[in-house]
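To keep things clear, I will list the structure first and then write my remarks on it.
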Amino acid sequence: MLIYQDTIKQFIQDVRKNQLTSIMSARFQERFGRLPGYGELNSWQNSIPRVRDLIEEAELTDNMIAIEYEVPYNQSRIDCLLFGKGKDKVSNIVLIELKQWSSVKAL
């Protein structure tokens, strides 16, 4: 189960247009038969723009993103996955767990 997946380019557009939370809410309802709770919506609204900021700062362009990926045989979800290839053309996956950040700083 996956609530959102798209290209990095589309993800950035969805966040900039302030549409991502609505898209995710509709897909959540399709999959679970109910609307996401206030805490979940608040988490998405607060954390997702910061993920976009990090992606833009890292200058990622040719990648895919998945948000709220449900782990098979388990009821937990991974907040964010980034899929792409490194400079050496080796496939990579980056897992990001969002923890209601109030600020983000690239290292």
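Readers should treat all values here as calculations from the given coordinates under stated rules, not as data from a laboratory. From a predicted model like this one, the values you see are computed outputs, not experimental measurements. Note: ideal-geometry Cβ built from the backbone for every residue, glycine included; neighbour counts use all protein chains shown.
For a test of the definition: using alpha carbon positions, the gyration tensor, and the 1.5 limit on a/c, classify segment 2-96 as rounded, prolate or oblate. Cα axes put segment 2-96 in the oblate bin. Tell me, how many Å apart are the Cα centres for segment 1-59 and for segment 79-100? The distance from the Cα centre of segment 1-59 to that of segment 79-100 comes to 16 Å. Loop exposure criterion: trypsin sites (Lys or Arg not before Pro), DSSP state outside H, G, I, E and B, at most 11 other Cβ atoms within 10 Å. Applied to the chain, the longest stretch between such sites is 35-86.
Where in the chain is the longest stretch that carries no chymotrypsin sites (Phe, Trp or Tyr not before Pro) classed as loop by DSSP and with at most 16 other Cβ atoms within 10 Å? The reported range is 1-72. Evaluating 6.51 cos²θ - 1.76 cosθ + 1.60 at θ = phi - 60° for every residue in segment 89-99, the Karplus couplings come out as 6, 7, 5, 9, 10, 10, 9, 10, 9, 8, 10 Hz, glycine and proline recorded as x. In this rough spin-label picture, where each label sits 7 Å from Cα along the Cβ direction, the Met1-Phe83 distance is 2.0 nm. Partner aspartates and glutamates whose Cα lies under 19 Å from the Cα of Lys87, excluding those fewer than 8 positions away in the same chain, are identified as Glu56, Glu57, Glu59, Asp62. Excluding same-chain neighbours fewer than eight residues apart, the lysines reachable from Lys17 by a Cα-Cα span under 30 Å are Lys9, Lys85, Lys99, Lys105.
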